[in-house]
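Novice: Dropping the structure in here first, questions after.
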């Protein structure tokens, strides 16, 4: 598998979220999207794969409120901004949106957290 590649092993609709089982860098990860994330993805015309890519291979990750993190993935003049937290060892995506790069991007290579080593 190439360095920045992943494989979705399963996608399952649960009661309160959509659960993805993903394999990347020889590691198996569970990522859960809340219904709010799915609504926001539609609003911003984002594919689930773009959100997963931003989480697994971000250009930077900054600290959010409480115990949350914010992954940034650059897209020309904008960024995909994914807010997530851990519940036990599972990643829960809280929301996603696409603001201007100028507003939030801090220059890259800042990692308050990394889902993948």
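The values are calculated or read from the model by the stated rules, or taken from the named source; none is laboratory data. Since the model is a prediction, treat every value here as computed from it, not as a measurement. Note: ideal-geometry Cβ built from the backbone for every residue, glycine included; neighbour counts use all protein chains shown.
Novice: Does segment 82-98 contain any residue that is over 17 Å from residue 110 (Cα atoms), modelled with pLDDT of 95 or more and in a loop (DSSP other than H, G, I, E, B)?
Specialist: Yes, because at least one residue in segment 82-98 is over 17 Å from residue 110 (Cα atoms), modelled with pLDDT of 95 or more and in a loop (DSSP other than H, G, I, E, B).
Novice: Yes or no: segment 38-59 includes at least one residue that is part of a strand (DSSP E or B) and surrounded by 17 or more Cβ atoms within 10 Å (Cβ to Cβ).
Specialist: There is no residue in segment 38-59 that is part of a strand (DSSP E or B) and surrounded by 17 or more Cβ atoms within 10 Å (Cβ to Cβ).
Novice: Filter segment 22-48 for residues that are modelled with pLDDT of 95 or more and at positive phi and give the result.
Specialist: Matches in segment 22-48: 45 only.
Novice: Within segment 49-64, does at least one residue satisfy the condition of being more than 24 Å from residue 112 (Cβ to Cβ) and in contact with a helix residue (DSSP H, G or I) (Cβ under 8 Å, 6 or more places away or on another chain)?
Specialist: No: zero hits.
Novice: Quick one: would you say residue 92 is out of contact with any helix residue (DSSP H, G or I) (no Cβ under 8 Å at 6 or more places or on another chain) and either loosely packed, with under 14 Cβ neighbours inside 10 Å or touching a residue at least 24 places away in the same chain (Cβ under 8 Å) (or both)?
Specialist: Here the answer is yes, as residue 92 does meet what is asked.
Novice: Looking at this structure, is residue 104 more than 17 Å from residue 36 (Cα to Cα), surrounded by 12 or more Cβ atoms within 10 Å (Cβ to Cβ), modelled with pLDDT of 95 or more and in contact with a strand residue (DSSP E or B) (Cβ under 7 Å, 6 or more places away or on another chain)?
Specialist: So residue 104 fails the test.
Novice: While we're looking at this one, here's another question. Counting just the residues of segment 4-29 that are in contact (Cβ under 8 Å) with a residue 60 or more places away in the chain and surrounded by 17 or more Cβ atoms within 10 Å (Cβ to Cβ), which one comes out farthest from residue 75 (Cα to Cα)?
Specialist: Among residues in segment 4-29 that are in contact (Cβ under 8 Å) with a residue 60 or more places away in the chain and surrounded by 17 or more Cβ atoms within 10 Å (Cβ to Cβ), the one farthest from residue 75 (Cα to Cα) is 17.
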